[in-house]
Amino acid sequence: MKSKKENKDFNRVQADLKANGFREKDVTIPSGKAMVLGIVYALPFVITLGLLYRFLLIERAHLSEVGGLSFYITFIAIIAISVVIHELLHGIGWAISSGKGWKVVRFNINAMMPSCACKVALKKKSYLTGVLAPFVILGLGSILFVFVYPGTVSLLTLMVNFIAAGADLLIAVNVLREGNCLIADHPTEAGYIAFYKSSNV
């Protein structure tokens with residue numbers, strides 16, 4: 001039912017833009033490919049920060065036993081909390097950058113995981129604000145956390161937040177390559193549809 005509503009909203013935006021002379025360019029990415037490429041985009045940050053942790057912070061790190069029950073519980077809790085905040089930050093970014101508040105934001109639960117989409121087409125800068133909000137805020141927060149309280153928990157938090165933002169970086173790089181267009185977040189797939197007024201798509 002939700003997916004029908006999501007597609008209906010998207011189809012309305014699509015139809016309105018086409019009626020106003022826009023042509024579309026599909027930049028959606030299969031979920032498996034987005035996941036793999038997202039990890040590739042995140043790896044330079046994870047490796048660089050991991051090396052800084054290893055050589056600058058390990059001596060005062062608060063280490064936990066890796067592999068014990070408490071470790072797995074902590075890891076799952078970090079993932080759950082980080083994912084919720086990650087999606088909320090997407091929504092906050094789009095709500096602010098669109099100038100239209102929460103009415104342009106849709107939160108969903110797919111396969112037990114929260115997700116967020118923007119329901120309207122935005123200019124590139126506004127769209128990027130929402131896409132990159134988790135990377136900037138959670139990324140900087142994770143770096144600060146690992147330097148203030150180095151240890152297993154902060155290192156895991158850093159890794160989770162940067163890897164989770166990998167697909168966002170992939171999308172942002174594609175958006176930056178676009179010309180003068182409007183960007184509509186795809187409601188169910190990773191990526192977006194770019195709408196161009198000119199014939200150059």
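The values are calculated or read from the model by the stated rules, or taken from the named source; none is laboratory data. All values reported here derive from a predicted model rather than from experimental measurement. Backbone-built Cβ (ideal geometry, glycine too); neighbour counts: all protein chains shown. For accessibility, only protein heavy atoms count, side chains too; no ligands or nucleic acids. Shrake-Rupley method; radii C 1.70, N 1.55, O 1.52, S 1.80 Å.
Structure notes:
- Of the residues making up region 29-49, just one is outside any helix (DSSP H, G or I) and either farther than 12 Å from D168 by Cα or among the aromatic types (F, W, Y) (or both), namely P30.
- Some residue of region 116-132 being without any contact (Cβ under 8 Å) to a residue 24 or more places away in the chain and surrounded by fewer than 16 Cβ atoms within 10 Å (Cβ to Cβ): no
- Residue selection: A164 satisfies the criterion of being touching a His at 6+ places or on another chain (Cβ under 7 Å) and within 17 Å of G38 (Cα to Cα).
- With respect to (1) touching a strand residue (DSSP E or B) at 6+ places or on another chain (Cβ under 8 Å); (2) free of Cβ contacts under 8 Å to residues at least 60 places away in the same chain; (3) assigned to a loop (DSSP other than H, G, I, E, B), the lone exception for G67 is condition (1).
- Among the residues of region 12-49, those that are of a type in the set (S, T, N, Q), over 30 Å from S154 (Cβ atoms) and under 23 Å from the mean Cα position of the chain (by Cα) comprise Q14, T28.
- Which numbered condition L158 misses (of (1) surrounded by 21 or more Cβ atoms within 10 Å (Cβ to Cβ); (2) not in a helix (DSSP H, G or I)): (2)
- In region 161-180, the residues that are over 12 Å from the mean Cα position of the chain (by Cα) and open to solvent by 10 Å² or more (accessible area, probe 1.4 Å): V173, N174, L176, R177, E178, G179, N180
- So S70, is it closer than 14 Å to A164 by Cα, out of contact with any Pro (no Cβ under 6 Å at 6 or more places or on another chain) and surrounded by fewer than 16 Cβ atoms within 10 Å (Cβ to Cβ): no
- Number of positions in region 9-37 that are under 9 Å from F195 (Cβ atoms) and touching a Gly at 6+ places or on another chain (Cβ under 6 Å): 0
- Meets criteria (outside any strand (DSSP E or B) and closer than 30 Å to G21 by Cβ) for V175: yes
- Scanning region 82-115 for residues that are open to solvent by 30 Å² or more (accessible area, probe 1.4 Å) and aromatic (F, W, Y) gives W102, F107.
- If you go through region 54-64 and pick out every residue that is open to solvent by 100 Å² or more (accessible area, probe 1.4 Å) and outside any helix (DSSP H, G or I), you end up with 1.
- Selection status of G21, open to solvent by less than 100 Å² (accessible area, probe 1.4 Å) and at positive phi: yes
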